[in-house]
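The values are calculated or read from the model by the stated rules, or taken from the named source; none is laboratory data. Since we're looking at a predicted model, the values are computed, not measured. Please note: Cβ atoms are built from the backbone with ideal geometry, for glycine as well, and neighbour counts cover all protein chains shown. SASA here: full protein model, heavy atoms, side chains in, ligands and nucleic acids out. Shrake-Rupley method; radii C 1.70, N 1.55, O 1.52, S 1.80 Å.
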Amino acid sequence: MSVKQKHLLGKAQKALAAKEYSHAGALFEELATLSPEVHQAWFGLGEVASGIGQQDTATTFFHHAAQLQPENARYRLRLGEAFGKLGQIESSLQQLLVARRLAPKDAGILCSLSGAYVKAGNWQHARGLLEEVVRLPCPLAAHYCLLGMACQQLGELDEALKAFNKATKLAPRYPDAWLSLGHLYIDKRETAKAVACLEKLQALAPKATTTFDLAGELAWARGNTREAASFYRQAANSAHDDCNVHAKLAVTLIMCGEALAAIDAMERAHALGIPEDWIFEKLGTMFATKYWTSMARENLEMAVERNPDNLSAWNTLLIVYAKSGESEKIRKAADIILEKDPDNIYALMNLSTWHTDQGRHDEALELLARARTTDPSNRGTYSKALWAMVSASSASAADILRLAQTFDERVFRALFRGNDFAARNRDPERRLRIGWLSSDMRNHPVAAFVWPFLEHIDPEKLETFIYYNFSEEDEVTRRIKACARQWRAVVGIGDDALADLIEGDEIDILIDLNGFTDGGRSDVVARKPAPVQAAWLGFPGTSGMSAIDYIFVPPDPVLEKPGWSQETPWPLPDCYGARADISEAAILPGLPCEREHAPFTFACLNHFRKASEKTIELWSRILVQCPQARLILVAIGGRDDETIRYFSSQFERHGVNPAQLAFRGYVAKQKYYESHNEVDLGLDPFPYNGGTTGYDSIWMGVPFVTWPGEHLSARMGKAILENVGLHELVAASADDYVNIAVALANDHGRLKRLRANLRERMVGSPLLDGPRMARSLENAFRGMWRRWCERTT
């Protein structure tokens with residue numbers, strides 16, 4: 001090379017080093033024009049093109065340089081890297097393998113080749129190369145971080161931990177080492193160690209996007225979605241073009257109920273490269289959590305149309321179809337998921353929900369048992385099974401208790417904090433702080449049982465703290481909030497943080513109003529943040545949780561005995577709950593069959609999921625003995641032809657004429673109340689009786705026949721009827737249940753006497769007496785507190 005060529009090359013390389021791409025490009029081009037055989041000129045042009053993001057052009061120049069100097073490992077390396085940036089993985093691997101042959105001990109080449117294998121999905125090969133790198137003299141902390149990431153991807157967490165720890169020891173001020181180690185500890189659920197890594201990272205790089213990202217991931221892992229959203233928002237502000245950060249922000253905002261902000265974040269993530277199916281999936285999930293079923297279905301269907309392998313979208317879509325009762329679509333979605341992943345526990349759980357909704361409880365339980373085999377600690381497999389069991393005639397109270405206790409042993413007991421509340425004032429007669437934990441302080445059946453008494457609680461005896469776990473409020477929320485000494489919105493607050501909050505508020509007695517229902521915080525209750533804890537209203541049975549001391553029950557000798565619940569039953573003196581005035585819907589006079597000159601009409605306006613096999617058998621016996629009568633039933637999918645055929649077939653096998661059955665879907669609340677004017681006599685399902693619907697039925701002047709069972713949900717009907725003087729409608733056996741219903745269908749005079757002034761009797765009963773319920777709860781809480789004080793002093 002001549003002196004002039006060397007001078008020109010030196011100037012070009014200096015400009016390139018200074019990232020003066022335009023000047024460098026002109027100089028390299030001048031040299032290549034003057035001396036086409038100078039391979040350094042073509043390589044320099046490749047570096048310029050790569051620096052300004054023109055990878056296509058870069059590969060052309062790098063390739064020409066490699067042709068001129070085929071044994072130059074660096075040229076092969078840069079050509080392979082350029083192909084990788086273009087997504088041409090095979091070409092990238094080919095060039096990088098040549099580079100490795102030419103320089104087998106070059107750490108940079110080995111790392112680039114490992115990166116190419118990662119892009120090809122071959123983490124095992126990548127790991128092997130990185131192990132070679134760290135065996136070379138003087139490996140860097142970055143090399144150990146890359147090795148740790150490869151081990152982490154392969155599920156070898158202990159090996160990953162060794163690599164990351166080595167990186168932090170080699171370079172204690174290297175931020176990426178603490179970042180990688182923090183992410184690993186989150187994966188290992190070692191929260192305290194992850195926090196320590198985050199603190200190191202915050203000290204080294206407090207404003208870095210990766211620091212905010214790790215903080216967000218840690219907050220998310222701890223269940224603090226609001227805090228996670230705050231960190232991801234800071235990360236997004238510092239990295240406007242990072243699609244993954246915007247995607248994480250969108251998900252956390254969805255969980256916090258911030259719909260508009262979530263949509264903005266999703267649109268930004270999509271514009272930056274997040275796949276379209278992911279966006280539609282998250283939109284569908286957001287609409288599903290808000291119960292906007294049609295919009296959820298539309299977005300989720302678009303998600304799976306764009307990516308049929310998006311199993312997460314299919315699973316959420318399966319739930320939406322189940323809520324709509326679309327049988328054929330439910331089966332199709334489940335088949336697609338299980339064909340791709342036969343042990344997908346979410347598909348098994350969601351399919352079990354559909355079976356439960358159809359009253360196919362035993363089939364649901366089989367699916368859930370299969371899911372538990374795959375993941376014995378999955379909460380959903382237990383909670384859904386318990387819901388199916390309280391409705392199944394095949395499950396005894398002992399069966400339910402046994403599964404609930406297993407749930408506690410495998411999931412909840414490890415969360416127990418063991419706080420002895422040594423500093424708590426043990427005065428048995430002092431004013432108490434009562435915490436109410438619920439997602440249902442809104443227009444919801446649970447709230448209808450809460451505000452009637454809450455307005456009458458004596459604030460000199462009890463201070464009311466409400467922990468509200470839902471993102472939206474309505475008029476009912478505001479009415480309940482006005483009764484609270486302290487109202488806390490806790491959506492997005494993690495389990496540990498919420499338990500700390502309850503402890504910090506010095507709650508004496510915590511009432512879990514959810515149990516295993518949507519929005520429940522059982523993991524908080526399991527930590528036992530209050531000295532005394534009780535369950536009420538949400539899940540209609542035992543939780544099995546050793547952290548819950550009591551369960552409220554109606555006055556009933558069967559329920560007051562131990563054996564069916566883990567918790568100690570605490571009988572309320574009059575009834576299970578007092579409701580508000582229910583509806584202004586008028587009761588039309590007389591029997592509907594006489595007024596409308598119609599067949600005698602039985603009805604169960606509960607969800608059909610409560611119709612156990614034994615229930616269907618007894619209802620069929622009634623209809624066979626009353627061949628001119630009809631039975632109105634309500635079910636999700638009550639207008640779906642396939643669903644109706646299935647439901648009808650369950651009765652036909654017992655000899656019922658399908659013309660006697662009238663299936664209906666869900667209707668608006670006012671129409672639901674008015675539909676009682678079509679009903680002559682109600683039939684309570686068993687073993688899961690009507691609760692809210694039982695109150696509604698009496699309010700609308702329709703008595704019902706019930707057959708009590710052996711656990712809480714199976715004895716609700718009895719408690720309601722006895723409070724309005726209808727003891728004679730409480731059957732002592734299966735035959736008695738049938739005989740009472742048939743007798744009343746044939747004795748209109750007696751039925752009219754039972755129906756007479758039923759609403760007035762209810763108004764005068766404890767069922768609607770909020771002040772009376774307030775006094776009962778005050779006494780109950782005082783009794784619980786005295787017991788605790790006696791045991792701990």
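Taking the conditions exactly as written (more than 28 Å from LEU218 (Cα to Cα), touching a Ser or Thr at 6+ places or on another chain (Cβ under 6 Å) and open to solvent by less than 30 Å² (accessible area, probe 1.4 Å)), does LEU513 satisfy them or not?
Numbers: more than 28 Å from LEU218 (Cα to Cα): yes; touching a Ser or Thr at 6+ places or on another chain (Cβ under 6 Å): yes; open to solvent by less than 30 Å² (accessible area, probe 1.4 Å): yes.
So LEU513 passes the test.
Only one residue in TYR174, TYR144, TYR185 is without any contact (Cβ under 8 Å) to a residue 24 or more places away in the chain, aromatic (Phe, Trp, Tyr) and in contact with a helix residue (DSSP H, G or I) (Cβ under 7 Å, 6 or more places away or on another chain), so which one is that? Don't jump to the end; show me each part of the working.
On the way: TYR174 fails: without any contact (Cβ under 8 Å) to a residue 24 or more places away in the chain; TYR144 fails: without any contact (Cβ under 8 Å) to a residue 24 or more places away in the chain.
When all the criteria are applied, what remains is TYR185.
Does SER765 fit the bill of being buried (at least 16 other Cβ atoms within 10 Å of the Cβ) and modelled with pLDDT of 95 or more? So that I can check it myself, show each step before the final result.
Working: buried (at least 16 other Cβ atoms within 10 Å of the Cβ): yes; modelled with pLDDT of 95 or more: yes.
Yes, satisfied.
Restricting attention to the stretch 15-58, report how many residues are assigned to a helix (DSSP H, G or I), over 57 Å from the mean Cα position of the chain (by Cα) and either of a type in the set (Gly, Ala, Ser) or loosely packed, with under 14 Cβ neighbours inside 10 Å (or both).
Residues meeting the conditions: 5.
Can you say whether THR289 is in contact (Cβ under 8 Å) with a residue 24 or more places away in the chain and closer than 22 Å to HIS444 by Cβ, as far as the supplied structure shows? Please lay out each step first, then the result.
On the way: in contact (Cβ under 8 Å) with a residue 24 or more places away in the chain: yes; closer than 22 Å to HIS444 by Cβ: yes.
Yes.
Taking GLY563, is it open to solvent by 30 Å² or more (accessible area, probe 1.4 Å) and more than 16 Å from LEU462 (Cβ to Cβ)? Before the answer, list the steps.
Numbers: open to solvent by 30 Å² or more (accessible area, probe 1.4 Å): yes; more than 16 Å from LEU462 (Cβ to Cβ): yes.
When the stated conditions are applied, GLY563 passes them.
So that you can scan it fast, the table gives a plain yes or no per residue for (1) of a type outside the set (A, V, I, L, M); (2) open to solvent by 10 Å² or more (accessible area, probe 1.4 Å); (3) touching a residue at least 12 places away in the same chain (Cβ under 8 Å); (4) in a loop (DSSP other than H, G, I, E, B):
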position: ASP523; (1), (2), (3), (4): yes, yes, yes, no
position: GLY538; (1), (2), (3), (4): yes, yes, yes, yes
position: ILE551; (1), (2), (3), (4): no, no, yes, no
position: VAL558; (1), (2), (3), (4): no, yes, yes, no
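Any residue that is of a type in the set (S, T, N, Q) and surrounded by 19 or more Cβ atoms within 10 Å (Cβ to Cβ) - is there at least one of those in the stretch 175-194? Even if it seems obvious, please write down each step before you answer.
Keep residues of the stretch 175-194 that are of a type in the set (S, T, N, Q), which gives 180, 191.
In the following step, the residues that additionally are surrounded by 19 or more Cβ atoms within 10 Å (Cβ to Cβ) were identified as 180.
Yes, that holds for at least one residue.
Of the residues in the stretch 432-449, how many are in a loop (DSSP other than H, G, I, E, B) and either on the phi > 0 side of the Ramachandran plot or of a type in the set (A, V, I, L, M) (or both)? Give the derivation first.
Residues of the stretch 432-449 that are in a loop (DSSP other than H, G, I, E, B), as a first pass: 439-444.
From the residues that got through so far, the ones that are either on the phi > 0 side of the Ramachandran plot or of a type in the set (A, V, I, L, M) (or both) too are 441.
Qualifying residue count, the stretch 432-449: 1.
Which one is farthest from GLY87 (Cα to Cα), of the residues in the stretch 64-77 that are open to solvent by 40 Å² or more (accessible area, probe 1.4 Å) and within 52 Å of the chain's Cα centre (by Cα)?
Result: ARG74.
If the Cβ limit is 7 Å and pairs must be 6+ apart or interchain, which residue in the stretch 77-91 that is over 9 Å from THR59 (Cβ atoms) pairs with which residue that is in a loop (DSSP other than H, G, I, E, B)?
These pairs meet every condition: ILE89/ALA120.
Looking for something over 17 Å from ILE274 (Cβ atoms), open to solvent by 30 Å² or more (accessible area, probe 1.4 Å) and aromatic (Phe, Trp, Tyr) - is there at least one such residue anywhere in the stretch 196-219?
Scanning the stretch 196-219, I find no residue that is over 17 Å from ILE274 (Cβ atoms), open to solvent by 30 Å² or more (accessible area, probe 1.4 Å) and aromatic (Phe, Trp, Tyr), so the answer is no.
When you scan the stretch 702-793 for helices (runs of 4 or more DSSP H) that lie fully inside it, which ones turn up with 2 or more residues that are of a type outside the set (Val, Ile, Thr) and in contact with a strand residue (DSSP E or B) (Cβ under 6 Å, 6 or more places away or on another chain)? Give the derivation first.
On the way: elements: 716-723, 734-745, 748-755, 758-763, 770-792.
Passing ranges, in order: 716-723, 734-745, 770-792.
Of all residues in the stretch 240-279, which are hydrophobic (A, V, I, L, M, F, W, C) and over 29 Å from ASN443 (Cα atoms)? Even if it seems obvious, please write down each step before you answer.
Residues of the stretch 240-279 hydrophobic (A, V, I, L, M, F, W, C): 243, 245, 247, 249-251, 253-256, 259-263, 265-266, 269, 271-272, 274, 278-279.
Residues satisfying the conditions are CYS243, VAL245, ALA247, LEU249, ALA265, MET266, ALA269, ALA271, LEU272, ILE274, TRP278, ILE279.
Pull out all pairs, ordered by first then second residue, where Cβ-Cβ is under 6 Å, the residues are six or more apart or on different chains, the first lies in the stretch 414-432 and is without any contact (Cβ under 8 Å) to a residue 24 or more places away in the chain, and the second is surrounded by 11 or more Cβ atoms within 10 Å (Cβ to Cβ).
none
With CYS138, CYS151 as the choices, which residue is over 18 Å from GLU81 (Cα atoms), free of Cβ contacts under 8 Å to residues at least 60 places away in the same chain and in contact with an Asp or Glu (Cβ under 8 Å, 6 or more places away or on another chain)?
CYS151
Taking GLU678 as meeting all but one of (1) buried (at least 24 other Cβ atoms within 10 Å of the Cβ); (2) over 16 Å from LEU754 (Cα atoms); (3) not hydroxyl-bearing (Ser, Thr, Tyr), write down the number of the exception.
Among (1) buried (at least 24 other Cβ atoms within 10 Å of the Cβ); (2) over 16 Å from LEU754 (Cα atoms); (3) not hydroxyl-bearing (Ser, Thr, Tyr), GLU678 violates only (1).
Which residue pairs have Cβ atoms closer than 6 Å, lie 6 or more positions apart in sequence or on different chains, and pair a first residue in the stretch 259-281 that is free of Cβ contacts under 8 Å to residues at least 24 places away in the same chain and more than 23 Å from TRP314 (Cα to Cα) with a second residue that is hydrophobic (A, V, I, L, M, F, W, C) and surrounded by 15 or more Cβ atoms within 10 Å (Cβ to Cβ)?
Note: pairs meeting the criteria are ALA261/LEU253.
Give me a count of the residues in the stretch 356-388 that are under 27 Å from PRO708 (Cα atoms), open to solvent by 20 Å² or more (accessible area, probe 1.4 Å) and in contact with a helix residue (DSSP H, G or I) (Cβ under 7 Å, 6 or more places away or on another chain).
4
Restricted to the stretch 484-504, and to residues that are surrounded by 19 or more Cβ atoms within 10 Å (Cβ to Cβ) and in a loop (DSSP other than H, G, I, E, B), which residue is modelled with the lowest pLDDT?
Here the residue is GLY492.
Restricting the search to the stretch 325-348, which residues are in contact with a Leu (Cβ under 7 Å, 6 or more places away or on another chain) and in a helix (DSSP H, G or I)? Break it down stepwise before answering.
Step one: filter the stretch 325-348 for residues in contact with a Leu (Cβ under 7 Å, 6 or more places away or on another chain), giving 330, 333-334, 337, 340-341, 344, 347-348.
Matches in the stretch 325-348: ILE330, ALA333, ALA334, ILE337, LYS340, ALA347, LEU348.
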